[in-house]
Amino acid sequence: MTEKLIDHRPPAQAALVLHPNRLRTHELREPMARLDEAVGLAQALDLEVRRGDIVPLRAAVPATLFGKGKVAEIGDLAEELDIQVIVVDDALTPVQQRNLEKAWQVKVIDRTGLILEIFARRARTREGRLQVELARLAYERSRLVRTWTHLERQRGGFGVMGGPGETQIETDRRLLAGKIGRLKRELEEVRRTRNLQRAARKRTPIPTIALVGYTNAGKSTLFNRLTDSKVEARDMLFATLDPTLRTVKLPDGRPAILSDTVGFISDLPHELIEAFRATLEEVASADVIVHVRDIANPDTEAQAADVMEVLSQIGVDPEGDRPIVEVWNKIDLMAVEDRASVQTKALRTQRPGRGPLAISAQTGEGMEALLACLADLIDQGGAIEADLAPGSGKALAWLYRHGRILDRTDDENGHVHLFVRLDPQALGQFEQMFPEAIAGQGA
């Protein structure tokens with residue numbers, strides 16, 4: 001007897017996506033690109049997008065964001081298309097969200113709520129779930145009357161003491177504050193554990209490299225390419241949420257720790273930046289940051305600006321001493337003439353140790369140049385000469401593991417003479433462990 005597999009997932013809800021075009025002159029993105037991104041976010045939440053519209057907005061109405069006529073027009077359209085969810089690609093106040101739901105008689109989600117919901121579905125690790133839950137509670141705290149549906153059944157009372165409805169709201173606020181406090185304490189433990197792990201890694205001089213970039217820029221594909229891993233890499237916004245660390249072998253065999261991080265996005269909710277600060281500290285403490293850009297995307301310049309904005313929010317100075325290597329990914333998706341133009345521009349504008357480097361993480365093109373660049377950045381210390389006596393296998397293995405061997409000579413008596421490049425931290429540790437092996441300082 002053949003068993004029929006039953007899909008227990010609820011059917012996709014029909015959605016209408018609206019991008020309010022505020023007609024801002026400084027906006028780097030085209031309105032259609034903003035709408036396309038909002039549609040992608042809705043689809044990442046498994047919504048069935050039946051239509052997406054750009055809505056001109058000269059002045060925001062405090063009560064409903066849109067004007068009275070436009071609200072009615074959108075309501076008629078939602079009824080005609082049998083819409084169940086309307087996504088507004090903007091930050092709505094609790095009052096605006098509540099009034100629009102009453103006017104349209106459907107569920108309304110703003111951009112912040114949409115991103116938070118995607119994060120809630122995608123987080124896999126305990127840390128990721130804690131961070132998302134904290135962000136959601138901070139967001140919902142100002143929306144108690146809307147999100148906690150049982151409050152709608154409460155009625156206010158008479159006199160100065162208020163009624164059961166007011167009491168219930170205050171109770172719920174206290175419960176919410178208690179949950180937020182508990183989550184913050186748990187995340188503080190996570191941060192403490194991360195700091196201990198980071199300190200342990202610093203004691204072993206293995207450099208760290210962090211991949212950052214706009215969501216869907218190809219970070220996970222590049223991560224898999226460099227580390228021979230199988231981290232999920234899909235053509236979808238926010239396919240990766242939980243940070244992943246793996247070892248990557250740089251030229252001449254030297255290892256480094258590579259971390260894949262959550263993708264950034266324009267107008268990233270501040271609740272998420274705060275909640276994910278423990279994770280983003282991995283980026284802030286990395287020896288080298290690799291900024292992965294989807295160079296085939298028409299919005300690549302605006303996306304790059306958004307990434308730099310988030311980096312500055314977590315304390316990373318784009319023009320500081322920490323190297324930030326810009327990588328132009330997805331050249332394999334470009335037309336031949338566009339690809340040649342991008343590669344020429346990359347070579348023309350290249351700065352030592354900063355890029356840009358034109359690559360394809362999908363095909364592997366440009367990987368050798370990227371690895372060589374990372375190795376040069378990590379090996380910023382000078383080259384040393386090391387003379388190892390016969391039987392100094394431990395020192396030799398240490399140098400191969402933590403340094404970059406530039407030249408090696410073995411004599412007939414078993415002595416090994418090396419020119420090796422070490423970063424300052426590794427050099428200091430080698431001098432302490434094997435002082436007798438240091439012969440001199442190279443160039």
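Bear in mind these aren't lab numbers, they're just calculated from the coordinates by the rules spelled out. Everything quoted here is computed from the prediction, not taken from an experiment. Don't worry about glycine lacking a Cβ; one is built from the backbone with ideal geometry, like all the others, and counts go over all protein chains shown.
Panel order for R141, R173, R404, by other beta carbons found within 10 Å of each beta carbon, from fewest to most: R173, R141, R404. Placing dummy labels 7 Å off each Cα toward the beta-carbon, the span from D321 to V190 is 3.1 nm. Distant-in-sequence amide contacts of V49, defined by a placed amide H-H separation under 5 Å and a gap of 5 or more residues or a different chain, comprise A15. For N216, the residues whose amide H sits under 5 Å from its own are F238, A239, ignoring neighbours fewer than 5 places away on the same chain, with H placed 1.01 Å from N. Using the Karplus relation 6.51 cos²θ - 1.76 cosθ + 1.60 with θ = phi - 60°, the per-residue 3J(HN,Hα) values for the stretch 256-261 come to 9, 9, 10, 10, 9, 10 Hz, with x marking Gly and Pro.
Fully extending the segment from K249 to V95 would add 50.1 nm, taking 0.36 nm per residue of separation and subtracting the current Cα-Cα distance.
Annotation: the residues I180, I324, sorted from fewest to most other C-beta atoms within 10 Å of their own C-beta, follow the order I180, I324. Can you give the FRET efficiency to the nearest 0.05 for R51 and D338, using r as the Cβ-Cβ distance and R₀ = 22 Å? Rounded to the nearest 0.05, the efficiency is 0.10.
Shown in residue order for the stretch 36-41 are the 3J(HN,Hα) couplings computed by the Karplus curve 6.51 cos²θ - 1.76 cosθ + 1.60 at θ = phi - 60°: 4, 5, 4, 5, x, 5 Hz (x for Gly and Pro). By the beta-carbon count within 10 Å of each Cβ, the least crowded to most crowded order of Y139, Y400, Y214, fewest first, is Y400, Y139, Y214. Taken one residue at a time, the phi angles of the stretch 284-299 give Karplus couplings (6.51, -1.76, 1.60, θ = phi - 60°) of 4, 9, 5, 6, 9, 10, 10, 8, 8, 10, 7, 6, 7, 7, x, 9 Hz. Gly and Pro are set to x.
Does the stretch 284-378 classify as rounded, prolate or oblate by the C-alpha gyration tensor (a ≥ b ≥ c root eigenvalues; a/c under 1.5 gives rounded; else a/b over b/c gives prolate, otherwise oblate)? Oblate.
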